[in-house]
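What follows is one structure encoded as structure tokens, with my remarks underneath.
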Amino acid sequence: MIPFFRKIRKKMADDNRPLKYMRYAIGEIVLVVIGILIALQINNWNEERKDKLELIKILKKLEAEFETNKTELNGSIHYHEQQYKATVKIEELFNPNHTIPTDTIANLIKQAFTDWKFEPRLSITKSAMDSGKIALINNDSLTDNLNTWMYAIKKYNEIICRYTLKYR
């Protein structure tokens with residue numbers, strides 16, 4: 001194809017027809033520009049497709065991470081409910097008419113004073129935020145909730161840290 005255009009260009013330059021050669025040159029430039037614009041558009045479509053695939057992958061991983069956190073949080077809530085019940089029973093021990101066996105008292109004390117800290121999995125959330133891929137999510141509500149979640153976990157950890165230092 002290139003030798004064909006080279007022959008046409010050479011023939012027009014040799015025929016000493018500058019206006020005809022100029023039209024041909026402008027046409028060739030326009031074709032090159034159109035080709036570049038088409039290539040750029042195809043590249044943009046490809047990048048958008050890659051971003052959508054990355055977004056789907058991030059959302060699936062976030063969903064799995066939050067499902068795991070939900071399960072662990074429910075376990076933590078159940079544990080703390082049991083811990084509360086144990087402290088209520090220990091409080092009943094101070095009633096002079098208590099009828100709780102001694103071995104049960106030891107179990108209640110152990111249950112009431114054992115630490116249990118909720119440790120959420122945050123690797124996917126932190127990774128998405130740190131890499132800037134969180135910007136791929138076009139849902140403002142979801143990104144706000146993710147930011148609120150990270151803030152809540154930070155505050156939770158601060159409270160647990162203060163509690164642990166205060167009562168140890």
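Points to keep in mind about this one:
- Applying 1/(1 + (r/R0)^6) with r as the Cβ-Cβ distance of ASN107 and TYR151 and R0 = 41 angstrom yields a FRET efficiency of 0.60.
- Charges were assigned to the Cβ only: +1 to each Lys and Arg, -1 to each Asp and Glu. The resulting dipole of the chain about its Cα centre is roughly 1340 debye.
- Angle in degrees between helix 2-14 and the longest Cα principal axis of the chain, rounded to the nearest 10: 40
- ASP140 accessible area, 1.4 Å probe, all protein chains in place, Å² to nearest 10: 110
- Exposure ranking of VAL88, VAL30 by accessible area [1.4 Å probe, largest first]: VAL30, VAL88
- Contour minus Cα-Cα distance for ASN43 and LYS57 (0.36 nm per residue): 2.9 nm
- Among the listed pairs LYS50/LYS155; LYS70/LYS154; LYS85/LYS155; LYS117/LYS155, those whose Cα-Cα separation exceeds 24 Å are LYS50/LYS155; LYS85/LYS155.
- Distance between modelled label sites at GLN82 and SER127, nm, 7 Å Cα→Cβ extension: 3.2
The values are calculated or read from the model by the stated rules, or taken from the named source; none is laboratory data. Just so we're clear, the structure is a prediction, and the values are computed from it rather than from any experiment. Ideal geometry is used to build each Cβ from the backbone, glycine not excepted, and the neighbour counts take in all protein chains shown. Just so you know, the surface numbers come from the protein's heavy atoms only, side chains and all, with ligands and any DNA or RNA stripped out. Shrake-Rupley method; radii C 1.70, N 1.55, O 1.52, S 1.80 Å.
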